[in-house]
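Worksheet: one structure, shown below.
The values are calculated or read from the model by the stated rules, or taken from the named source; none is laboratory data. Every value quoted in this text rests on a predicted model; they were computed, and no experiment measured them. In this analysis, Cβ positions are derived from the backbone assuming ideal geometry, glycine residues included, and neighbour counts consider all displayed protein chains.
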Amino acid sequence: MKKVVILGGGVAGMSAAQELMERGFAVEVYEANPTYCGGKARSVDVRFKQHYPDSVPLPGEHGFRFFPGFYKHITDTMKKIPYTSPEGIKNENGVYDNLVATEYVMMARMGKPPIVGPISFPRNLDELKLFLKDIFGGVDSGLSQEEITFFAEKVWQLMTSCKERRENLYEKIGWWQFMEADRFSETYRHLLVEGLTRTLVAAQAKRASTKTGGDIFLQLIFNMLDPFVNTDRVLNGPTNIKWLTPWLEFLTKGGVKYYFDHKVIKLDVADYKISCAWVQDKYGNQIKLEADYYLLAVPIEIVKDLITREMIEVDSTFTQLIELADNVQWMNGLQFYLNEDVKINKGHVIYSDSQWAITSISQMQFWPDFDIAACYNKKVRGVLSVDISDWQSPGNNGKIAKDCTVEEIKDEVWLQLKQGLNINGNEILRDDMLEQFYLDHDIQVKHGKDERATNREPLLVNNVNTWCLRPPAYTNIANLFLSGDYVRTFTDLATMEGANESARRAVNCIIDASGIDAPFCEIWDLHEPGILAGFRYKDNQRWKKGLPWDSPVTKNNIFIVLFYKIQRWFLKLRSRKK
């Protein structure tokens, strides 16, 4: 039996462990976190200094989880992880059945009514009316007709551009530049240009790659136009309870050995192979690990510190990983625990003009079986989970988030939430609602005058022209493979989906290297609607001739109308079946 040592127990490491376990490999996983598996996807038990007998910890997170409809790899893995409810009911599709769909997305704006619309294709007349009302007339978006038309044309350009143009040209163009943000209003920049990059991938619009931002934006649009797909899904309880703990149990019962509090510190190279790996346990002991194959599944900033001269001599592409590691930014979570269950929106809220690029979700409406009243002081009834994506722009207090204390971060985010929600005398959030809060413990704030705040787990972002720096899952070191959201994948985004896809690619490489008779892991490309294939083919022909993209104006309207008619026909068919 071939042995594989996996260094890193996040989503990438656990995904690889599952695929290897199912194919008969002996698997050992070494994770630096002393308590939690799952890496950035984890939830945590939040305890405070105040002691309340018979209470349970509050649920906290590195950042709230959501599973877009275009995810295929991680959801396929989830279907194989058994789940049994506390009542003894087994899910037919494992932990995958713990996903529930959101219904609406809200764009909150300071001093203006929010824009609310269905997150998925309208499934009934009421949803269709709401969508049309808020987007096209019921709410003053502040966008001019010229801006709306221009943005639509740029989206159409993305839809009809060939893959080669995206990878070789759009990868080198910033999202801000592609959308010509400087030409238009501040509202255009907030709603249409920065909304995607600042809140979805924690990137800066002026630096974010149009290839990646455009690809993911199109996936969301394609999901929204498909009546059979839920564009946005969330777990129906805290992440550990509903996914990660059952996953770890599944792996260990299947023979995987999972070690917490073991940090990888060194890889030894001899004869073009890894001769051994070294980890350090919680007592400071250095432990030598030997295996047939080694899978490095730690974040890129950790990989950077492990690269040695000997590794570069065997594979010079490791120097690119050192450069890639500089492309990380902060995107971390902050939970507010409220004495009222404030259901702001049946889905995510994007605070389009917030200084710190915040998004939020009211969790309890999606957690019907979680007894929040048993937690902490037993007064908590709601959890407002917030992601902070911009830590370098001044807030209302004149300070960037990185220069704030924990209390200052809490106060500023709470203020930005109220500025986006408490509109026209409608007080959705009040100060007396707040019982407690939790800022992700990865954030280590500054204490002294010359100290800087640090983030133990930043997020890799897709800056312009960094696709070429991303490595494949294999290396020139014969028994070393890479897995993580920095590896080159179809997903091409720092997400659970990208981490899982990279793990499958690494496992396929191990299967190939070992020569065992086992099926390769399945891998899916991003969805490209067949109805647009003719346009992409035409653009590919232009690309090969060195010509710029050109809009097929005469056929544009015909195909879009046909596309919507097909969608409406599917919608009617599904409603009849019900």
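Applying the condition of being within 21 Å of the chain's Cα centre (by Cα) and over 16 Å from Ser389 (Cα atoms) to the stretch 177-212 and asking which residue is modelled with the lowest pLDDT yields Leu192.
Based on what the data block shows, is Ser389 closer than 30 Å to Ile300 by Cα, modelled with pLDDT of 95 or more and within 20 Å of the chain's Cα centre (by Cα)? Taking the combined requirement at face value, the residue does not satisfy it. Of the candidates Phe48, Phe131, Phe64, the single residue that is under 27 Å from His527 (Cβ atoms), modelled with pLDDT under 95 and over 21 Å from the mean Cα position of the chain (by Cα) is Phe131. The residues of the stretch 71-81 that are surrounded by fewer than 22 Cβ atoms within 10 Å (Cβ to Cβ) and part of a loop (DSSP other than H, G, I, E, B), listed by number, are Lys72, Lys79, Lys80.
Matching residues to (1) acidic (Asp, Glu); (2) farther than 24 Å from Gly9 by Cβ; (3) not in a loop (DSSP other than H, G, I, E, B):
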residue: Glu457; (1), (2), (3): yes, no, no
residue: Ile477; (1), (2), (3): no, no, no
residue: Asn508; (1), (2), (3): no, no, yes
residue: Asp525; (1), (2), (3): yes, yes, no
residue: Asp539; (1), (2), (3): yes, yes, yes
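If the condition is being at pLDDT 95 or above and either closer than 30 Å to His441 by Cβ or among the acidic types (Asp, Glu) (or both), then the stretch 68-84 contributes Tyr71, His73, Ile74, Thr75, Asp76, Thr77, Met78, Ile81, Tyr83. Going through the stretch 339-366 one residue at a time, which ones are within 21 Å of Glu194 (Cβ to Cβ) and of a type in the set (Asp, Glu)? Asp353 - this is the single residue of the stretch 339-366 that is within 21 Å of Glu194 (Cβ to Cβ) and of a type in the set (Asp, Glu).
The set of residues from the stretch 498-531 being closer than 24 Å to Leu225 by Cβ and surrounded by 24 or more Cβ atoms within 10 Å (Cβ to Cβ) comprises Gly498, Glu501.
Only one entry of Phe370, Phe366, Phe336 meets the criterion of being in contact with a helix residue (DSSP H, G or I) (Cβ under 8 Å, 6 or more places away or on another chain), aromatic (Phe, Trp, Tyr) and more than 30 Å from Gln392 (Cα to Cα), and that entry is Phe370. Taking the stretch 277-298 as the range and being crowded, with 18+ Cβ neighbours inside 10 Å, in contact with a helix residue (DSSP H, G or I) (Cβ under 8 Å, 6 or more places away or on another chain) and not hydrophobic (A, V, I, L, M, F, W, C) as the test, only Tyr293 passes.
Exactly one residue out of Asn463, Asn424 is touching a residue at least 12 places away in the same chain (Cβ under 8 Å) and at positive phi, and it is Asn424.
Tell me whether the stretch 427-437 contains one or more residues that are among the hydrophobic types (A, V, I, L, M, F, W, C), modelled with pLDDT under 95 and buried (at least 20 other Cβ atoms within 10 Å of the Cβ). Looking for residues that are among the hydrophobic types (A, V, I, L, M, F, W, C), modelled with pLDDT under 95 and buried (at least 20 other Cβ atoms within 10 Å of the Cβ), one finds none in the stretch 427-437, hence no. Say whether the condition of being crowded, with 16+ Cβ neighbours inside 10 Å, touching a helix residue (DSSP H, G or I) at 6+ places or on another chain (Cβ under 9 Å), in a loop (DSSP other than H, G, I, E, B) and outside the structural domain of Arg166 (by TED's automatic domain parsing) is met by at least one residue in the stretch 405-413. Within the stretch 405-413, not a single residue is crowded, with 16+ Cβ neighbours inside 10 Å, touching a helix residue (DSSP H, G or I) at 6+ places or on another chain (Cβ under 9 Å), in a loop (DSSP other than H, G, I, E, B) and outside the structural domain of Arg166 (by TED's automatic domain parsing). Of all residues in the stretch 82-98, those satisfying the criterion of being out of contact with any Lys or Arg (no Cβ under 6 Å at 6 or more places or on another chain) and either within 24 Å of Ser385 (Cβ to Cβ) or part of a helix (DSSP H, G or I) (or both) are Tyr83, Ser85, Pro86, Asn91, Val95, Asp97.
When Ser360 is tested against the conditions (1) surrounded by 15 or more Cβ atoms within 10 Å (Cβ to Cβ); (2) out of contact with any strand residue (DSSP E or B) (no Cβ under 9 Å at 6 or more places or on another chain); (3) under 30 Å from Gly117 (Cα atoms), the lone failure is (2).
Conditions (1) under 30 Å from Asp371 (Cβ atoms); (2) in a strand (DSSP E or B); (3) modelled with pLDDT under 95, marked per residue:
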{"position": "Gly214", "(1), (2), (3)": "no, no, yes"}
{"position": "Phe217", "(1), (2), (3)": "no, no, yes"}
{"position": "Trp243", "(1), (2), (3)": "yes, no, no"}
{"position": "Phe250", "(1), (2), (3)": "yes, no, no"}
{"position": "Val279", "(1), (2), (3)": "no, yes, no"}
{"position": "Lys282", "(1), (2), (3)": "no, no, no"}
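When each of Gly534, Gly448 is tested for being outside the structural domain of Gly13 (by TED's automatic domain parsing), surrounded by fewer than 21 Cβ atoms within 10 Å (Cβ to Cβ), within 30 Å of Gln177 (Cα to Cα) and modelled with pLDDT under 95, the lone residue that passes is Gly534.
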